[in-house]
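All remarks here apply to the structure that follows.
The values are calculated or read from the model by the stated rules, or taken from the named source; none is laboratory data. The structure presented is a predicted model; accordingly, all values stated were derived computationally and were not measured. Note: ideal-geometry Cβ built from the backbone for every residue, glycine included; neighbour counts use all protein chains shown.
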Amino acid sequence: MEKSRPGRFEYLKASTLDEALELLSKHSGNAKILAGGQSLVPLLKLRLLDPPKYLIDISKVKDLRYIRKEGSLLEIGALTTHHDLETKESIREYSPSLWDAAYVLGDPLVRNRGTIGGALAHHDPAGDYPAVLVSLGATISIRSNRNKRNVRAGEFFLDYFTTDLASDEMLTGISVHALEKKQGSAYLKMERVVGDFAIVGAAAFVELDHDDSAARVGIALSAVGNRPIVPEKMIKKLTGMKLEESVVREAAEEVRDEITPPADIRASSEYRKDMAVVLARRAVLDAARRANQQQVEHVAQYQTLRAA
Ligand SMILES: Cc1cc2nc3c(=O)[nH]c(=O)nc-3n(C[C@H](O)[C@H](O)[C@H](O)COP(=O)(O)OP(=O)(O)OC[C@H]3O[C@@H](n4cnc5c(N)ncnc54)[C@H](O)[C@@H]3O)c2cc1C
């Protein structure tokens, strides 16, 4: 019985960002933020994590829940839920890979309460958003009582469940470029059952030139390493090329030498490698279709897949 309850902690509630930063600074090293609770609460209940002395609940800080287009940027607040991202038309239009990821993340209960800020700060390398943000070259905004800074997503995720956040810092939001004409993005995920974490995920961004060759390509993979893995050789092979199926297929083979995936209860290392090749190819092709204004619905969820 005792085992299904977390150990003791003091619960503090912040109603504004300033209040949250003040509490975090006052109790730095002894406090943790509580956002949607979808990762933190199970860890505490299962006693996989010792409770901090203080939990600072920020879930009611209204200023951190927003999605807005500011010029060429899409700004998203840390407390924006997965459900907000899945259902907001501007996400579908301006950042389709983020929309794909929100759609395949967990189940409706998790999506209703879980937040993008919590998912990024938690940094499960099998999580869906980190690879998407890295492939898009997103910026992460961080605040504390002593400073305010922005970090590129590629530098934010350091290791399994470890980010660039200091103990008195809070993630306040992210910004991504709102996709324009001739740009497209896609995220594909392979999972054992709906609601599970990824066996492998692949995020792609492409910008096409006037002659339809790839002017810019961004790719990042989930669940194949300790952080989102960028297959540089595949990207290099595709840049400047027309993204025909045979070209992308050949380039995706590079992924095989660029990753050393872990083996765990979900899949062997070899299987992950095979599936990373397949998903990286399909994600690039879907991103290119979207860049060409072709409709690509969510094709992002696979429960079984063969290396073909
Ligand atoms: C059944 C289940 C299935 C799931 N499936 C998936 C999945 O398929 N893909 C996926 O990506 N995720 C999945 N998740 C995790 C889900 O995305 C969580 O919502 C997310 O990881 C945590 O968000 P949260 O708002 O609930 O954060 P919380 O659980 O409240 O916090 C998580 C961690 O982040 C810290 N934190 C939270 N917000 C901030 C902030 N603004 N600044 C600094 N630190 C902060 C907390 O201190 C804590 O350490 C699943 C979770 C469950 C329970």
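Please indicate, with yes or no, whether at least one residue in segment 236-250 is crowded, with 16+ Cβ neighbours inside 10 Å, among the basic types (Lys, Arg) and modelled with pLDDT under 95.
No, segment 236-250 has no match at all.
State all residues of segment 90-108 that are over 29 Å from GLY7 (Cα atoms) and either surrounded by fewer than 20 Cβ atoms within 10 Å (Cβ to Cβ) or within 11 Å of the ligand (Cβ to nearest atom) (or both); if no residue qualifies, say none.
Scanning segment 90-108 gives SER90, ARG92, GLU93, ALA101, ALA102, TYR103, VAL104.
For the condition surrounded by fewer than 18 Cβ atoms within 10 Å (Cβ to Cβ), of a type in the set (Val, Ile, Thr) and not assigned by TED's automatic domain parsing to the domain that holds ARG192, what is the one hit in THR80, THR87?
Just one listed residue meets the conditions, THR87.
Can you report the number of residues in segment 161-178 which are more than 11 Å from the ligand (Cβ to nearest atom) and either basic (Lys, Arg) or touching a Lys or Arg at 6+ places or on another chain (Cβ under 8 Å) (or both)?
1
Tally the residues that are part of a loop (DSSP other than H, G, I, E, B) and polar (S, T, N, Q), restricting the search to segment 80-103.
Result for segment 80-103: 2.
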